[in-house]
Amino acid sequence: MRLILLGPPGAGKGTQAQLLVERHGLVQLSTGDMLRAAVKAETPVGLKARDIMARGELVPDEVVVAIIADRIEQDDAKKGFILDGFPRTVPQAEALDRLLKDKGLRLDAVVELKVNEGMLLQRVESRIAQMKARGEQVRADDNAEALAKRLDAYRAQTAPLIDYYGDRRALATVDGMLPIDEVAVAIDRVLTATAGSNGSKPARKPAAAGKAPRKAAKTAKKAARRAVPARKKAAKAAKQASKGSRKAAARKAGKAKKGASAKGGTARRSAKGTVKRRAARKPMKSRVKRPRRLTKRR
Ligand code: ADP
């Protein structure tokens, strides 16, 4: 099983990668960890990356691609790996495609951890507090200024990967705002479905689908219920039609309804864990909310 965890800093990629290591015996390949180790050891790569990382900017593509190319050659990565923090740019994704193709390997899944950006600073702050409490050294880039840069880098350089993998129908989106164990269950469901659809061996101990089918069904129901707010919005807009301009409100209701069914689609689909999620991802909440003229693409 080879998968990518995608998401902004603080989305929980590292946390979920560690849980996947424990549950499925995969290795976690975190370019951030590898680069930090290189910085600490003062290797040539580390010396090159140190200041760039401290500023919250991205290390050049060729540097990280070379690190990953070496790493996936190692024995422990042969039975599968989780890429955490790589790829982070489209050229890195293209390089990874080439690397895997040359080795006759395939990517099984790309899981996007979707989070509310407003929560990220808070998450990073609590990570800093926890590290301090454990007496660990705080990361040089875990401060407000570098975090703002890391977020900018994510938006400008990494977010396009959502379309890159979405277009290849490899993307699954998981709600990263859920509690850690629920995110883990949702990821497991994606992996189980992926293993089922490509004929490969399912991940070891499939937590949701295999061992505890009732729990999986329960979580699936929960996910479907999460689509309800959008439906409620549709009902509210319809109600307003009786007060003000019926036409305008009906338009609004139509829009919200569209969002509700699309969101329902996402929930149901992600609950089932199939890999065809592209169509369901597009009508995001923000799109439903904003008037059309504000959603101009840049
Ligand atoms: P986070 O996801 O919390 O920002 P990471 O540990 O993944 O943290 O990365 C820390 C830093 O390491 C990044 O801000 C960047 O400078 C560098 N880095 C990690 N992975 C990559 C990558 N794939 N490409 C370029 N730079 C990277």
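Brief remarks follow.
- Cβ crowding within 10 Å, taken as a proxy for footprinting-reagent exposure, orders 168, 23 from fewest neighbours to most as 168, 23.
- Principal axes of the stretch 1-158: Cα extent on each, largest first, Å: 42, 34, 31
- For the stretch 24-103, a Kirkwood radius taken over Cα pairs fed into Stokes-Einstein (4 °C, viscosity 1.567 mPa s) yields D = 99 µm²/s.
- Eligible aspartates and glutamates near residue 149 by straight Cα distance, threshold 17 Å, same-chain separation 8 or greater: 51, 57, 117, 125, 141
- Proximal aspartates and glutamates relative to residue 79, as straight alpha-carbon distance under 16 Å, when same-chain residues fewer than 8 apart are discounted: 22, 70, 108
- About its Cα centre, the stretch 68-208 has a charge dipole of approximately 360 debye under the convention of +1 per Lys or Arg Cβ and -1 per Asp or Glu Cβ, with nothing else charged.
- Positive-end extreme of charge dipole, the stretch 81-162 - chosen from 138, 157, 115 (charges on Cβ): 138
Read-outs: derived from the displayed coordinates by stated rules, not from any lab. Since this is a predicted model, take the numbers as computed values, not measurements. Note: ideal-geometry Cβ built from the backbone for every residue, glycine included; neighbour counts use all protein chains shown.
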